[in-house]
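Some notes on the structure that comes next.
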Amino acid sequence: MEKLFTTRKIRLLIDSDDIDQKNKIIDTLYQWRYICFKASNQIYTHHYVQQQLREMLYLTEGVRARLSDIKKDEYGMLSTSRMNTSYQVLAKNYKGSIPMHIMSALNGNLVASFNKMSKALASGESTLPSFKREIPIPFKGTDVKKLRSSREGAVFHFSLFDIPFRTYLGKTGHDKREMLQSLSAGQVKLCTSSLTLDKGKIFMLAVFQTEAGEQQLDQDIIAEASLSLDYPIIVSVGTKRYSIGSKDEYLYKRLAIQAAIRRKKKAMVFMNQNSRKQLRKSTIENLIQSEKRYVTQKQHVYSRSLIDICLKNKAATLLLVDQTEKEQQAKEDPFLFRNWGYYGLKQKIERKAEKAGIAVLIE
């Protein structure tokens, strides 16, 4: 069966009432993140140097070194595998300061990404990237221990490296709750995931692995979906009618972010050149990226909900009604073209439908 990977961003809270313990854990997480930041640059640097040795054609002919384990290749110049070389550096520098499972996951992720871009680095088409201090803290799925739910599945508790956490899913976290329930029941697998820290808040970027079973879809059932103004998506399957999201829900935060950007730009008139440059580079750019992330997240949620409705009703065909006409109207209306995101939503619907085996027709 085909393996599917799904990522969910889940807010975490430290599961303790002791303020001192909470502050100590937060400090520890920030220290681990800083170590991951330094270690990431070291991993890339070591593997880049190893790769460049191959290109040093000016070395004497007597040097017949290869980037391989000497135990497996008589001309190998490494005492171990390439992946283990950087792990040994991490163990020497950071063992005792951070759980080595974090270093192992970090090393595995970065060596794999380095290998993908090694040709571009060798040809000069790409430069060696550097990592930022806000890098996520990776961990293996098996590091999550004692996962359990309380309050009828509203809150999940678990420990990660002996740190007690509980989830905060909010009112719209139904899909996250279902994934965690499936994980608790052993129906899905938690792969290498990560923790991110944002202004004292903790988030888990959880990567779930599921197997795509064959869906029993009925070729005679057609779901009709309309991307409307009052609701992002309205779905009809036979006599059943569903609405996904709402106009206020979608536009409220997006318009609020745009208003904040306009206020910052107006304030720039009264600033000197250095202050304007700093404001544009930090606050305004962050707000612009925040809007993009919000729109992308909402489009993913809405498109996923639509495909789930189709699967629930065994609809083998999804018809997007009057979509061509709506896209043309959006181009003529600046407000719709700027805010509604018809094209991006349609793309995500098509991709998710293809994975589920649902045919998409655009009217």
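The values are calculated or read from the model by the stated rules, or taken from the named source; none is laboratory data. Computed from a predicted model, the values in this text were never measured in an experiment. Methodologically, a virtual Cβ is constructed for each residue, glycine included, from the backbone with ideal geometry; neighbour enumeration extends over all protein chains shown. The area values use the complete protein model at the heavy-atom level, side chains included, leaving out ligands, DNA and RNA. Shrake-Rupley method; radii C 1.70, N 1.55, O 1.52, S 1.80 Å.
Taking the mean number of other Cβ atoms within 10 Å as a proxy for protection, how do you rank 109-117, 345-353 from highest to lowest? Could you put the intermediate results ahead of the total?
Working: 109-117: 15.2, 345-353: 18.6.
Result, highest mean Cβ count within 10 Å first: 345-353, 109-117.
Not counting ligands, DNA or RNA, and with a 1.4 Å probe, what is His46's accessible surface area in Å² rounded to the nearest 10?
The accessible area comes out at roughly 80 Å².
Under a crude label model (7 Å from the Cα following the beta-carbon direction), how far is Ala122 from Ser159 in nanometres?
4.7 nm
How far apart, in nm, are two points set 7 Å out from the Cα along the Cα-to-Cβ line at Glu354 and at Lys240?
For Glu354 paired with Lys240, the spin-label model returns 2.7 nm.
Once you put a point 7 Å from the Cα of Lys38 and another 7 Å from the Cα of Glu152, both along the Cβ direction, what distance in nm separates them?
5.0 nm
Which shape class applies to the stretch 142-213: rounded if a/c is under 1.5, otherwise prolate when a/b exceeds b/c and oblate if not, where a ≥ b ≥ c are the square roots of the Cα gyration tensor eigenvalues? Show your work: numbers first, answer last.
Numbers: a/c = 1.40, a/b = 1.22, b/c = 1.14.
Taking the square roots of the gyration eigenvalues as a ≥ b ≥ c, the stretch 142-213 is rounded.
At 0.36 nm per residue, and after removing the present C-alpha to C-alpha distance, how many nm does the segment from Ser182 to Leu53 gain when stretched out fully?
On the way: separation 129, 0.36 × 129 = 46.44 nm, distance 4.78 nm.
Answer, rounded to one decimal: 41.7 nm.
If packing is taken as the average number of other Cβ atoms within 10 Å across a peptide's residues, how do 137-144, 288-295 rank, most packed first?
Details: 137-144: 18.8, 288-295: 14.2.
Sorting 137-144, 288-295 by mean packing, highest first, produces 137-144, 288-295.
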